[in-house]
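Report on one structure; see the data block that follows.
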Amino acid sequence: MADEPASERTRLRRYHWLGKYDRETINNIIDAGIICHVGYVFNGQPYVTPTSHWRIDDYVYWHGSAASRMLKNLETGIPVCFTVTHLDGIVFARAAMNHNVQFRSVMALGNAELVPEEMKREALAIFTDRLAPGLWDYARKPNEQEWRATKVIRLRLDEVSAKVNDVLAGDEEEDCASDRWSGAVPLSIAQGQLICDPKLAPGIAVPDFAKNFRYPPKR
């Protein structure tokens, strides 16, 4: 269990007591998400791009079109900032300055790299089955044109930290003695009912990967 950051760049300074540096916490936060944000600078202009991600061992991966400006720049090895955030609740305090949110987040810094072609196909299969186990074998496999149109980028989790806030309001003693209410409203993503494509031919059964899908994704 790491109690110190891997680098000074990832050391939490504001609310440092919320910092988590152990890999189990970090991996759990990454694996519980489907969407990440990738920040980078291109021609002096900062960008933050939302995209889907997945983790394999000590790397996080994301993919996109071979024509993507983001991927074309990231594959050159420019510095990136990778983040994942989960909103878990709203904290209502007695004092206005103490309202807060409960959350889990991860930030990783480093230089991304293009995944070689021979590794790309395996990585995308892992991504697909991470989302819904069995989906890769069920769906039509990409043809060569589709493979060429897709790039995969990865970032090694060397400089990475987590920040977790799961507490209630930190009101002052005099506020706690008041008659004002304080508490929290938990929040989560609600999974809805399965929707079948209206273009389905009659008699096609719902496959197991769809019937058994649950969010957050199983690790």
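From GLU159, GLU146, GLU113, which residue is of a type in the set (D, E, K, R) and closer than 27 Å to ASP208 by Cβ? So that I can check it myself, show each step before the final result.
Details: GLU159 fails: closer than 27 Å to ASP208 by Cβ; GLU113 fails: closer than 27 Å to ASP208 by Cβ.
Exactly one of GLU159, GLU146, GLU113 is of a type in the set (D, E, K, R) and closer than 27 Å to ASP208 by Cβ, namely GLU146.
Of the conditions (1) under 17 Å from LEU155 (Cβ atoms); (2) modelled with pLDDT of 95 or more; (3) in a helix (DSSP H, G or I); (4) out of contact with any helix residue (DSSP H, G or I) (no Cβ under 9 Å at 6 or more places or on another chain), GLU122 satisfies every one except a single condition; which number is it?
Status for GLU122: all satisfied but (1).
Which count do you get for residues in the stretch 94-119 that are under 30 Å from THR150 (Cα atoms), charged (D, E, K, R) and in a strand (DSSP E or B)?
Final tally of qualifying residues: 1.
Within the stretch 165-173, is even one residue outside any loop (DSSP other than H, G, I, E, B) and surrounded by 14 or more Cβ atoms within 10 Å (Cβ to Cβ)?
yes
Looking only at the stretch 52-93, count every residue that is part of a strand (DSSP E or B) and surrounded by fewer than 14 Cβ atoms within 10 Å (Cβ to Cβ) and tell me the total.
Total meeting the criteria: 3.
Take the residues of the stretch 185-211 that are under 24 Å from the mean Cα position of the chain (by Cα) and surrounded by 11 or more Cβ atoms within 10 Å (Cβ to Cβ): which is modelled with the lowest pLDDT?
The qualifying residue modelled with the lowest pLDDT is SER188.
Take the residues in the stretch 127-152 that are charged (D, E, K, R) and touching a residue at least 60 places away in the same chain (Cβ under 8 Å); name whichever of them is surrounded by the fewest Cβ atoms within 10 Å (Cβ to Cβ).
Ranking the qualifying residues of the stretch 127-152, first place goes to ARG148.
Give the residue that is modelled with the lowest pLDDT, with candidates limited to residues of the stretch 38-51 that are loosely packed, with under 15 Cβ neighbours inside 10 Å and outside any loop (DSSP other than H, G, I, E, B).
We begin by selecting, within the stretch 38-51, every residue loosely packed, with under 15 Cβ neighbours inside 10 Å; these are 41-48, 50.
From the residues that got through so far, the ones that are outside any loop (DSSP other than H, G, I, E, B) too are 41-42, 45-48, 50.
Details: VAL41: 94, PHE42: 90, GLN45: 93, PRO46: 95, TYR47: 94, VAL48: 96, PRO50: 96.
The residue in question is PHE42.
Being in a loop (DSSP other than H, G, I, E, B) and either among the acidic types (Asp, Glu) or under 30 Å from GLN145 (Cβ atoms) (or both): is that true of GLU24 here?
Against the criterion (in a loop (DSSP other than H, G, I, E, B) and either among the acidic types (Asp, Glu) or under 30 Å from GLN145 (Cβ atoms) (or both)), GLU24 does not qualify.
So that you can scan it fast, the table gives a plain yes or no per residue for (1) in contact (Cβ under 8 Å) with a residue 24 or more places away in the chain; (2) of a type in the set (Ser, Thr, Tyr):
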{"position": "ASN165", "(1), (2)": "yes, no"}
{"position": "ALA177", "(1), (2)": "no, no"}
{"position": "ALA184", "(1), (2)": "yes, no"}
{"position": "SER188", "(1), (2)": "yes, yes"}
{"position": "PRO198", "(1), (2)": "no, no"}
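Return the residues of the stretch 125-157 that are more than 20 Å from the chain's Cα centre (by Cα) and in a helix (DSSP H, G or I); say none if nothing qualifies. Can you show your working first?
Taking the stretch 125-157 first, the residues more than 20 Å from the chain's Cα centre (by Cα) are 134-150.
Matches in the stretch 125-157: LEU135, TRP136, ASP137, TYR138, GLU144, GLN145, GLU146, TRP147, ARG148.
The values are calculated or read from the model by the stated rules, or taken from the named source; none is laboratory data. As the structure is a computational prediction, the values presented were derived from the model and not from experiment. For neighbour counting, all protein chains shown are included, and Cβ atoms are generated from backbone atoms with ideal geometry for every residue, glycine included.
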